[in-house]
Amino acid sequence: MKKRKNTLRAKGVTRIDDPGRHGVGWYARVTYGGKTHSKYFADMAHGGTKAAFLKALGWRNAKEKELGKPRTDRTFAKAGHRSPTGVHGVYQQKKSFVVAWTPAPGRLERKFISITKYGREGALRRAIELRRKHERELYGRAVARVSDARRRRPSSASARKARPTRRRPRAR
């Protein structure tokens with residue numbers, strides 16, 4: 001297989017080279033809010049490889065703006081449906097809330113907010129505010145919304161015992 005030299009590259013824009021199936025062009029994709037939007041830009045229809053790439057790039061940028069997705073070349077996760085606090089990058093570890101962010105690709109920073117010092121609600125509020133501050137620095141706006149933050153109640157020991165447990169049958 002022949003390698004292409006000086007291939008144009010951009011997040012969300014993929015090259016399609018399949019002349020046998022009439023697929024020579026650029027495929028632009030924007031995924032945000034759990035939905036994927038895509039459009040194909042054929043080289044011939046758009047005046048060549050570079051022109052088609054620029055059209056795909058323009059479409060991607062316009063679609064991100066229309067959807068409200070921050071324009072960044074970083075990967076971008078939607079609001080935390082898997083995070084126990086409801087906000088990505090904010091989680092509880094022992095007696096602290098941890099705020100995690102990546103100021104540069106491959107570099108992780110964390111800050112610990114004490115539950116003992118500020119109380120559970122106060123520490124969570126401070127942690128979310130700190131995460132939003134770092135999101136504004138990285139993406140130009142805060143991505144986490146207050147309505148996204150699900151405040152889970154800590155489960156009590158009695159609640160854990162009330163759940164049925166699976167027991168393995170004894171091997172004899």
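The values are calculated or read from the model by the stated rules, or taken from the named source; none is laboratory data. Owing to the predicted nature of the structure, the values given are computational and were not obtained by experimental measurement. So basically every Cβ, Gly included, is an ideal-geometry build from the backbone, and we count neighbours across all protein chains shown.
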Inspect segment 70-91 for any residue being at pLDDT 80 or above and in a strand (DSSP E or B) and give the result as yes or no.
-> yes
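Among Glu109, Glu137, which is within 21 Å of Lys69 (Cα to Cα) and either in contact with a strand residue (DSSP E or B) (Cβ under 9 Å, 6 or more places away or on another chain) or not in a helix (DSSP H, G or I) (or both)?
Values: Glu109 fails: within 21 Å of Lys69 (Cα to Cα).
Only one candidate passes the filter, namely Glu137.
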Across (1) modelled with pLDDT under 80; (2) charged (D, E, K, R); (3) touching a His at 6+ places or on another chain (Cβ under 6 Å), Lys55 clears everything bar (1)
Go through segment 98-120 and count every residue that is in contact with a Lys or Arg (Cβ under 8 Å, 6 or more places away or on another chain) and surrounded by 12 or more Cβ atoms within 10 Å (Cβ to Cβ).
-> 9
